[in-house]
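Some notes on the structure that comes next.
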Amino acid sequence: MQKQSTPDLPIGLFGGTFDPVHSGHLRAALEIHQNIPLKEVRFIPCRQPVHKAAPLASPEQRLAMLQLAIAPHSMFSIDERELKRKSPSYMVETLESIREEEPKTSLCLILGTDALVDFCSWHRWEDILKLAHLVVARRLGYPAIPSTGKIAEVIQEHRCLYPEHLHHAPAGHIFFQAITTLDITSTQIRNDVMINRSPKYLIPDTVEAYITKERVYL
């Protein structure tokens, strides 16, 4: 009897402006990496977001801060393809590009519950679920899983309850992963820096040193 082959571990994809990257981003990525588990988590910094205001830090500054933040962690890497794209960053196009390189690997797109609520307004959102799973980082005490509207129907159709399901299909599931609640936002950090308040412990020391040296957000 031929032994069944074990599927490769999924790859996590974590998009965002990372303006700046902070401990909440890193902790969420770590917990999702450990709990599913994932082969790696690729941070995908966005050059020109579609649903948000333009970042205050330049693409070069945000990339540098992200490089410093993940340097000690071998399970994290950076995918720069959106930074190199001059047009607005549509996640579906990024996933199509990655899928060409990883035709059979399970891809897990990491997002928060706040982004999930607006998911059905994303460009070609139906195609995203054909290209990747959604792994929703759910902080306790924060917005509940949507129970009404189009997104509730999508969740009902695609939700899986066990992370093992993400290993056996390349795309199509929605999985909710509880994570430690760290009430940190990039907006808060930028505001602290602007009024000369220390962001220590909210961001890695290397990122704090870079912000100070390069006078980012001042």
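The values are calculated or read from the model by the stated rules, or taken from the named source; none is laboratory data. These figures come from a predicted structure and were not determined experimentally. All Cβ positions, even for glycine, are placed from backbone atoms using ideal geometry, and neighbour counts span all protein chains on display. We work out accessible area using only protein heavy atoms, side chains counted, and drop any ligands, DNA or RNA first. Shrake-Rupley method; radii C 1.70, N 1.55, O 1.52, S 1.80 Å.
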So which of 166, 111, 129, 134 is more than 17 Å from residue 14 (Cβ to Cβ), touching a residue at least 12 places away in the same chain (Cβ under 8 Å) and aliphatic (A, V, I, L, M)?
129
Consider only pairs whose beta carbons are under 6 Å apart and that are at least six residues apart or on different chains; among these, list those whose first residue lies in the stretch 149-160 and is under 16 Å from residue 135 (Cβ atoms) and free of Cβ contacts under 8 Å to residues at least 60 places away in the same chain and whose second residue is among the β-branched types (Val, Ile, Thr) and open to solvent by less than 10 Å² (accessible area, probe 1.4 Å).
155/174; 158/174; 159/174
Count of the stretch 193-208 residues which are closer than 15 Å to residue 23 by Cα and either in a helix (DSSP H, G or I) or touching a Cys at 6+ places or on another chain (Cβ under 8 Å) (or both):
4
Can you pull out every residue in the stretch 187-208 that is touching a residue at least 60 places away in the same chain (Cβ under 8 Å) and surrounded by fewer than 17 Cβ atoms within 10 Å (Cβ to Cβ)?
201, 206
Residues located in the stretch 82-136, provided they are open to solvent by 70 Å² or more (accessible area, probe 1.4 Å), farther than 29 Å from residue 182 by Cα and not in a helix (DSSP H, G or I)
84, 86, 103, 104, 123, 124
Cβ contacts < 6 Å: first residue under 11 Å from residue 135 (Cα atoms), restricted to the stretch 19-40; second residue aromatic (Phe, Trp, Tyr) and assigned to a loop (DSSP other than H, G, I, E, B), any location; separation 6+ or different chain. Result?
none
Would you please name the residue that is most open to solvent (accessible area, probe 1.4 Å), looking only at residues in the stretch 137-179 that are assigned to a helix (DSSP H, G or I) and among the charged types (D, E, K, R)?
157
Quick one: in the stretch 209-218, of everything that is free of Cβ contacts under 8 Å to residues at least 40 places away in the same chain and not aliphatic (A, V, I, L, M), which residue is farthest from residue 120 (Cα to Cα)?
213
